[in-house]
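All remarks here apply to the structure that follows.
The values are calculated or read from the model by the stated rules, or taken from the named source; none is laboratory data. Predicted, not measured: the structure shown is a model, and the values here were computed from it. Ideal geometry is used to build each Cβ from the backbone, glycine not excepted, and the neighbour counts take in all protein chains shown. Only protein heavy atoms, including side chains, enter the accessible area calculation; ligands, DNA and RNA are left aside. Shrake-Rupley method; radii C 1.70, N 1.55, O 1.52, S 1.80 Å.
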Amino acid sequence: QVQLVESGGGLVQPGGSLRLSCAASISTFGIYTMGWYRQAPGKERELVAHISSGGSTNYVDSVKGRFTISRDNAKNTVYLQMNSLKPEDTAVYYCHVFFGRNYWGTGTLVTVSS
């Protein structure tokens, strides 16, 4: 059974920064692509960024240049550094891995508001 536990969400003013973390209970964490998704109220869940086992990254256009995904395989953890946050970044952020099937964390709420 895979468990993904996110942390780091909260309330931040526009222009601020947050760093999300996702700890995964996968013994072979390093070989899997990890992703961050988000779901805003009334909207569908969307891919924000993902990082491959080799460190290749991909981002949705709306966060390019502001968000950075990274991973620490020794800690079985993936991060999402979010800078220059905007109100439209407000959402529940979910960690994801495909390990035979899709696994999701319970999510962490990010609210960007003054």
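Taking the residues in region 38-65 that are among the hydroxyl-bearing types (Ser, Thr, Tyr) and open to solvent by less than 50 Å² (accessible area, probe 1.4 Å) as candidates, determine which candidate is farthest from GLN1 (Cα to Cα). Across region 38-65, the extreme among qualifying residues is TYR59. Answer yes if at least one residue in region 67-81 is within 22 Å of GLY42 (Cβ to Cβ), open to solvent by less than 30 Å² (accessible area, probe 1.4 Å) and either in contact with a helix residue (DSSP H, G or I) (Cβ under 8 Å, 6 or more places away or on another chain) or in contact (Cβ under 8 Å) with a residue 40 or more places away in the chain (or both), and no otherwise. Scanning region 67-81 turns up no residue that is within 22 Å of GLY42 (Cβ to Cβ), open to solvent by less than 30 Å² (accessible area, probe 1.4 Å) and either in contact with a helix residue (DSSP H, G or I) (Cβ under 8 Å, 6 or more places away or on another chain) or in contact (Cβ under 8 Å) with a residue 40 or more places away in the chain (or both).
Among residues of region 97-112 being within 18 Å of SER21 (Cβ to Cβ) and touching a Ser or Thr at 6+ places or on another chain (Cβ under 9 Å), the one that is most open to solvent (accessible area, probe 1.4 Å) is LEU109.
Filtering region 4-31 to residues that are open to solvent by 20 Å² or more (accessible area, probe 1.4 Å), free of Cβ contacts under 8 Å to residues at least 60 places away in the same chain and not aliphatic (A, V, I, L, M) leaves SER21, SER25, SER27, THR28, GLY30.
Residues checked against (1) on the phi > 0 side of the Ramachandran plot; (2) among the polar types (S, T, N, Q); (3) touching a Cys at 6+ places or on another chain (Cβ under 8 Å):
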site: LEU4; (1), (2), (3): no, no, yes
site: ARG19; (1), (2), (3): no, no, no
site: SER25; (1), (2), (3): no, yes, no
site: GLY35; (1), (2), (3): no, no, yes
site: ARG38; (1), (2), (3): no, no, no
site: LEU47; (1), (2), (3): no, no, no
site: SER52; (1), (2), (3): no, yes, no
site: GLY65; (1), (2), (3): yes, no, no
site: LYS75; (1), (2), (3): no, no, no
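Of the set (1) open to solvent by 70 Å² or more (accessible area, probe 1.4 Å); (2) over 19 Å from LEU18 (Cα atoms), all apply to LYS86 but (2).
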